[in-house]
Amino acid sequence: MELHSGLPYWIVKNKLFNHFNPLKTNIQTKVAIIGSGITGSLVAHELCKQNIACVIIDKRSIGLGSSAASTSQLQYEIDEPLTNLIELVGEDHAVRAYKDCLNSIADIREVLKETKADGSYKQIPTFLLASNQRGVRLLEKEYEVRKKNDLPIQFLNKQQLAKTLGVDNEAALYNDSSAQIDCYQCATGILNHYLKNKKLEIYSHTLIENYRKQKNGYTLTTTEGYTVTCEYVVVAAGFEAGDFLPQKVMTLLSTYAIISQPVDPKLLWHKRALIWETKNPYLYMRTTDDNRIIVGGEDIPYSAPDIRDDKLRTKSKALERKFRKMFPEIPFVTEMSWCGTFSATADGLPFIGAWPRHPKMLFTLGYGGNGITFSMIGAQVISNIVRGIHDPRLEVYGFKRLKNKKDC
Ligand SMILES: Cc1cc2nc3c(=O)[nH]c(=O)nc-3n(C[C@H](O)[C@H](O)[C@H](O)COP(=O)(O)OP(=O)(O)OC[C@H]3O[C@@H](n4cnc5c(N)ncnc54)[C@H](O)[C@@H]3O)c2cc1C
């Protein structure tokens with residue numbers, strides 16, 4: 001699957017991570033991680049920290065899956081508003097998911113510190129704008145339920161919003177507990193740290209084509225016929241993880257992003273906050289260290305990469321138009337644009353853990369707009385499973401919640 005096309009800004013800004021190392025022999029390890037994106041790198045971090053032997057295998061160059069295309073906003077707010085999520089999964093699990101995402105924003109900062117990976121981490125606020133009157137009613141309910149559950153939140157009415165952000169939406173929710181990163185820089189920075197410390201082996205350009213369950217683990221086979229024998233497999237294969245699952249667990253979407261030429265920083269909005277809205281699909285925006293603006297959204301159901309790519313020009317124009325309408329005083333000129341595949345689950349939550357009766361094949365699938373915060377949660381849960389520690393988060397994110405599960 002082509003995960004993205006166009007020109008994702010991060011690859012241009014960072015240059016490619018230079019690590020060409022296809023697997024050319026049979027190997028053995030305790031944990032084999034499939035995928036070198038942000039999910040695989042955070043899993044590797046959690047395992048290396050515990051001195052658990054692991055390797056990473058990726059069919060592409062390192063980090064060049066979805067993580068290279070991500071707009072990399074870290075928010076505790078999940079695509080599914082807390083009020084809806086409570087109806088879908090119950091109050092305990094819904095509130096737990098929101099709090100886990102809040103904690104994982106700080107946990108990602110710690111990982112970057114520990115591994116000395118820059119990652120361009122910045123703590124900033126978020127505005128969630130009401131797109132219309134329905135959105136205002138949603139935000140009013142959302143405010144009450146988040147406040148009741150001690151989540152950081154403020155309600156801004158039209159006047160307060162106009163004063164802080166200078167837009168004329170009717171209302172917004174505001175919190176100062178969000179962050180933004182450069183996901184590609186984070187993933188490659190973390191991996192580089194463990195490569196340099198000789199705690200991790202990474203095999204690039206190595207496709208895992210097959211797997212066989214053994215008495216005490218798995219044997220993975222590459223397209224070249226080499227094998228990886230391991231006790232645990234961690235499937236951190238992003239939107240391509242379906243090859244390891246007996247049934248579909250998510251819906252694929254195509255999404256679009258544009259980045260502006262640098263603008264005068266004085267023209268940028270309040271604290272360079274993240275901005276999104278209640279409409280679905282939503283428009284969202286952030287800034288970068290070099291005073292550019294990224295605008296994303298215009299999601300559509302995914303059918304094929306060429307159909308997604310054909311729409312890049314019109315979708316980019318639509319994003320630019322919408323940005324100019326919101327901030328007419330900011331001269332937005334698109335410098336680059338890209339599109340990517342993205343996915344959503346029925347309840348907006350990730351899938352983390354083992355498929356029933358396959359306790360040593362562990363998935364960490366951070367599907368949804370909070371993919372990166374979900375990756376952090378997934379890495380911690382996986383590390384606990386491998387260490388034999390019970391993790392109550394499995395109740396929230398495990399496959400148990402799927403109805404009519406197939407066996408494999
Ligand atoms: C345009 C866009 C904007 C986004 N914005 C945000 C955002 O603002 N905030 C947020 O939290 N999330 C966002 N996301 C989602 C987020 O980027 C993803 O959730 C995250 O990058 C997924 O990381 P990953 O490591 O799981 O997957 P990937 O980065 O795709 O890594 C998986 C890796 O597995 C490898 N692989 C797959 N199958 C095999 C195999 N059989 N053998 C060997 N290797 C294999 C692939 O080559 C790939 O490199 C966005 C996504 C897109 C596309």
Can you say whether Lys248 is open to solvent by 50 Å² or more (accessible area, probe 1.4 Å) and assigned to a helix (DSSP H, G or I), as far as the supplied structure shows?
no
Within segment 251-269, can one find any residue that is in contact (Cβ under 8 Å) with a residue 12 or more places away in the chain, part of a helix (DSSP H, G or I) and more than 9 Å from the ligand (Cβ to nearest atom)?
yes
Verdict on Pro350 being within 13 Å of the ligand (Cβ to nearest atom), open to solvent by 30 Å² or more (accessible area, probe 1.4 Å) and at negative phi:
no
Filter segment 205-237 for residues that are outside any strand (DSSP E or B) and either under 25 Å from Phe351 (Cα atoms) or free of Cβ contacts under 8 Å to residues at least 60 places away in the same chain (or both) and give the result.
Thr206, Leu207, Lys215, Asn216, Thr223, Gly225, Ala236, Ala237
Of everything in segment 28-48, what is touching a helix residue (DSSP H, G or I) at 6+ places or on another chain (Cβ under 9 Å), of a type in the set (A, V, I, L, M), more than 7 Å from the ligand (Cβ to nearest atom) and assigned to a strand (DSSP E or B)? Give them in sequence order.
Val31, Ile33
Expected single match for away from the ligand (no atom under 16 Å from the Cβ), modelled with pLDDT of 95 or more, in the same structural domain as Thr288 (by TED's automatic domain parsing) and open to solvent by 20 Å² or more (accessible area, probe 1.4 Å) among Asn84, Asn132, Asn51 is Asn132
Give me the residue from segment 178-198 that is under 16 Å from Val111 (Cα atoms) and part of a loop (DSSP other than H, G, I, E, B) and, out of that set, most open to solvent (accessible area, probe 1.4 Å).
Asn197
What do you reckon, is Leu274 farther than 30 Å from Ala32 by Cβ, over 18 Å from the mean Cα position of the chain (by Cα) and crowded, with 22+ Cβ neighbours inside 10 Å?
no
Exactly one of (1) surrounded by fewer than 24 Cβ atoms within 10 Å (Cβ to Cβ); (2) aliphatic (A, V, I, L, M); (3) touching a residue at least 40 places away in the same chain (Cβ under 8 Å) is unmet by Ile377. Its number?
(1)
Quick one: would you say Tyr184 is in contact (Cβ under 8 Å) with a residue 60 or more places away in the chain and either in contact with a strand residue (DSSP E or B) (Cβ under 7 Å, 6 or more places away or on another chain) or away from the ligand (no atom under 11 Å from the Cβ) (or both)?
no
How many residues are closer than 30 Å to Leu7 by Cβ and either of a type in the set (S, T, N, Q) or more than 14 Å from the ligand (Cβ to nearest atom) (or both) if we restrict to segment 87-105?
1
Filtering segment 87-98 for residues that are open to solvent by less than 10 Å² (accessible area, probe 1.4 Å) and either among the small types (Gly, Ala, Ser) or assigned by TED's automatic domain parsing to the domain that holds Phe351 (or both) leaves a count of 2
Only one of Arg308, Arg321 that is without any contact (Cβ under 8 Å) to a residue 40 or more places away in the chain and not assigned by TED's automatic domain parsing to the domain that holds Ser383
Arg321
Under the condition of being small (Gly, Ala, Ser) and surrounded by fewer than 22 Cβ atoms within 10 Å (Cβ to Cβ), which residue from segment 223-245 is nearest to the ligand (Cβ to nearest atom)?
Ala241
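A quick yes/no check of all residues on (1) part of a helix (DSSP H, G or I); (2) of a type outside the set (Val, Ile, Thr); (3) surrounded by 19 or more Cβ atoms within 10 Å (Cβ to Cβ):
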site	(1), (2), (3)
Ser61	no, yes, no
Asp100	yes, yes, yes
Ile105	yes, no, yes
Glu110	yes, yes, no
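The values are calculated or read from the model by the stated rules, or taken from the named source; none is laboratory data. Just so it is clear, the structure is predicted and the values come from calculations on it, not from any experiment. Because the Cβ atoms are built from the backbone with ideal geometry, glycine has one as well, and the counts that use them run over all protein chains shown. Heavy atoms of the whole protein, side chains included, go into the accessibility calculation; ligands, DNA and RNA do not. Shrake-Rupley method; radii C 1.70, N 1.55, O 1.52, S 1.80 Å.
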